[in-house]
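The values are calculated or read from the model by the stated rules, or taken from the named source; none is laboratory data. Just so it is clear, the structure is predicted and the values come from calculations on it, not from any experiment. Heads up, the Cβs are rebuilt from the backbone with ideal geometry, glycines too, and the neighbour counts pull from every protein chain shown. Keep in mind that these areas ignore ligands, DNA and RNA; they rest on the heavy atoms of the full protein, side chains included. Shrake-Rupley method; radii C 1.70, N 1.55, O 1.52, S 1.80 Å.
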Amino acid sequence: DVEYADAITGAKQISMLGLAGIYSQVLLENVPFIRILSHQFGLGFMPGSWMESISVSKGVASVTNGFEAITGQVNVDYKKPETNYDRLFLNFYLNSMLKSELNLTTRFKVGKQDKVQTMLMLYGGAQFMKMDMNHDGFLDAPLNQQVNVLNRWDYNPDGPLRGRTMVNFVWDNRVGGQHDYKPDGFNPDLLHYGVHVDNKKFDFITKNGFLLKGNNESIGTIVSYTGNWTKALFGQRSYNFDQHSLYINILYSNKFGKNERHKLTAGASLQYDFFDYRQVSSSGPLMPMVNRMDEWVPGIFAEYCYIIDPKLVVMLGMRLDYNMNYKEMTGLYWTPR
């Protein structure tokens, strides 16, 4: 279920098995995508017109994508140059409440042999009109503007190499609170309650695979970097959040046995997060509160699949991770699947 976390900021979250979104892992083409700061507004950073498919796993899920899937996984696949046959897709939307959206996707071939293809995706959206249908003095939906740009490169040269690289930048600005709240940058309005959130998010994802012995055996690498910079004002308190995350995953996969019914995947991963948080209250003494945190989590995993039928698969997996921030408590924890 998609639910509103709160009405003032218009934040949405996935609720799975009755628990909030932080317990569900949201992936972009099998790469952890909505994490930490992105949990608040991340669903709004994935335009529907870009999506090719959505896969949902409730409860137990694969260990190859990390340890953070507690209630399930949601994996989103974007349109790809080799499967998207529209050279140009353009869509414009406007409703009576002045909610507007612009969607653009286009693809290009690089060279004459179709070994390299690229795709440009653009989304722009805005809510211009102040709405207070129940006359409670608060906006029913925040005013917001968003620009979202993604460029992907899919390459399939001669030889065993296969790869995909994506670069994504999002700018999202939203203002909510009382109807008469007048934002003045990030200076608080002493007469009215308001919320002002400015989000900038940058993602770089590259996935590369090397085929061994035909298509039955392969080695894959995933490298992802996320930078998220959020500046927010809630009432008379201002907050600055910075996040830098690095994710590395190396996988070995092998299909074997009669009709390739058996599949073994094993590998190692590294998740690094740096988080910088600053808070200033204008209602009292200006004493900024600063918190910094960095976290290193290396891990290893193995997963076995027995494919009884294309619609029926038995899967057994296990991973072991070590959190360096919990050395006093051994820092080791198992994730069975």
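Starting from the stretch 87-108, keep only residues that are under 15 Å from Met51 (Cα atoms) and of a type outside the set (A, V, I, L, M), then list their pairs with residues that are open to solvent by 100 Å² or more (accessible area, probe 1.4 Å) and not in a strand (DSSP E or B) whose Cβ atoms are within a distance under 8 Å, requiring at least 6 positions of separation or different chains.
Thr106/Arg87; Arg107/Arg87
Run Gly177 past the list (1) touching a Ser or Thr at 6+ places or on another chain (Cβ under 6 Å); (2) modelled with pLDDT of 90 or more; (3) under 30 Å from Asn134 (Cα atoms) and report the number of the one that doesn't hold.
(1)
Could you please find all residues in the stretch 288-320 being open to solvent by 80 Å² or more (accessible area, probe 1.4 Å) and basic (Lys, Arg)?
Passing the criteria: Arg292, Lys311.
So, of the residues in the stretch 212-236 that are over 24 Å from Asp273 (Cβ atoms) and in a strand (DSSP E or B), which turns out to be modelled with the highest pLDDT?
Across the stretch 212-236, the extreme among qualifying residues is Ile219.
Could you look through the stretch 89-118, keep only residues that are open to solvent by 70 Å² or more (accessible area, probe 1.4 Å) and among the aromatic types (Phe, Trp, Tyr), and pick out the one that is farthest from Met46 (Cα to Cα)?
Within the stretch 89-118, the match that is farthest from Met46 (Cα to Cα) is Phe108.
Can you name every residue in the stretch 194-213 that is of a type outside the set (D, E, K, R) and open to solvent by 50 Å² or more (accessible area, probe 1.4 Å)? Write out each step before concluding.
From the stretch 194-213, those of a type outside the set (D, E, K, R) are 194-197, 199, 202, 204-206, 208-212; that's our starting set.
Passing the criteria: Phe202, Phe204, Phe210, Leu211, Leu212.
Examine the stretch 64-87 for a residue that is of a type in the set (S, T, N, Q), over 22 Å from Ser245 (Cα atoms), assigned to a loop (DSSP other than H, G, I, E, B) and open to solvent by 50 Å² or more (accessible area, probe 1.4 Å), and state whether such a residue exists.
Just the residues of the stretch 64-87 that are of a type in the set (S, T, N, Q), to begin with: 64-65, 71, 73, 75, 83-84.
Adding the requirement that they be over 22 Å from Ser245 (Cα atoms) leaves 71, 83-84.
Restricting the remaining residues to those that are assigned to a loop (DSSP other than H, G, I, E, B) gives 71, 83-84.
If we keep only those that are open to solvent by 50 Å² or more (accessible area, probe 1.4 Å) too, we end up with 83.
Taking every residue of the stretch 64-87 in turn, at least one turns out to be of a type in the set (S, T, N, Q), over 22 Å from Ser245 (Cα atoms), assigned to a loop (DSSP other than H, G, I, E, B) and open to solvent by 50 Å² or more (accessible area, probe 1.4 Å).
Looking at the stretch 215-242 only, could you name the residues that are open to solvent by 20 Å² or more (accessible area, probe 1.4 Å) and small (Gly, Ala, Ser)?
Matches in the stretch 215-242: Ser218, Ser238.
Filter the stretch 119-157 down to residues that are under 22 Å from the mean Cα position of the chain (by Cα) and open to solvent by 60 Å² or more (accessible area, probe 1.4 Å) and give me whichever is nearest to Lys182 (Cα to Cα).
By that ranking, first place goes to Gln145.
Take the residues of the stretch 321-337 that are outside any loop (DSSP other than H, G, I, E, B), touching a residue at least 12 places away in the same chain (Cβ under 8 Å) and more than 16 Å from Asp273 (Cα to Cα): which is least open to solvent (accessible area, probe 1.4 Å)? Steps first, answer last, please.
At the first step, the residues of the stretch 321-337 found to be outside any loop (DSSP other than H, G, I, E, B) are 321-322, 324-329, 332-336.
Add one more test, that the residue is touching a residue at least 12 places away in the same chain (Cβ under 8 Å), and what stays is 321-322, 324-325, 332-336.
Applying the additional criterion that residues be more than 16 Å from Asp273 (Cα to Cα) yields 332-336.
Numbers: Leu332: 100, Tyr333: 67, Trp334: 168, Thr335: 14, Pro336: 76 Å².
The extreme case among them is Thr335.
Keeping to the stretch 1-39, report how many residues are of a type outside the set (Val, Ile, Thr) and farther than 21 Å from Ser57 by Cα.
Residues flagged as of a type outside the set (Val, Ile, Thr) and farther than 21 Å from Ser57 by Cα within the stretch 1-39 amount to 7.
Being in contact with a Lys or Arg (Cβ under 9 Å, 6 or more places away or on another chain), of a type in the set (Phe, Trp, Tyr), under 23 Å from Pro142 (Cα atoms) and modelled with pLDDT under 95 is true for just one of Phe45, Phe89, Phe67. Which residue is that?
Phe45
Matching residues to (1) without any contact (Cβ under 8 Å) to a residue 60 or more places away in the chain; (2) part of a loop (DSSP other than H, G, I, E, B):
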{"position": "Met119", "(1), (2)": "yes, no"}
{"position": "Met133", "(1), (2)": "yes, yes"}
{"position": "Val167", "(1), (2)": "yes, no"}
{"position": "Val170", "(1), (2)": "no, no"}
{"position": "Gly176", "(1), (2)": "no, no"}
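Looking at Ile36, Ile22, which is the one that is modelled with pLDDT of 85 or more, open to solvent by 60 Å² or more (accessible area, probe 1.4 Å) and under 19 Å from Lys201 (Cβ atoms)?
The match here is Ile36.
Please list, ordered by first then second residue, the pairs with beta carbon atoms under 9 Å, 6 or more apart or interchain, first in the stretch 241-259 and in contact (Cβ under 8 Å) with a residue 12 or more places away in the chain and under 16 Å from Thr221 (Cβ atoms), second open to solvent by 40 Å² or more (accessible area, probe 1.4 Å) and among the small types (Gly, Ala, Ser).
Ile248/Ala268; Asn249/Ala268; Ile250/Ala268; Leu251/Ala268
Could you tell me how many of the residues in the stretch 47-63 are of a type in the set (Phe, Trp, Tyr) and open to solvent by 10 Å² or more (accessible area, probe 1.4 Å)?
Number of matching residues: 0.
All but one of (1) farther than 22 Å from Ala268 by Cβ; (2) open to solvent by less than 50 Å² (accessible area, probe 1.4 Å); (3) part of a strand (DSSP E or B) hold for Gly44, so report the exception by its number.
(3)
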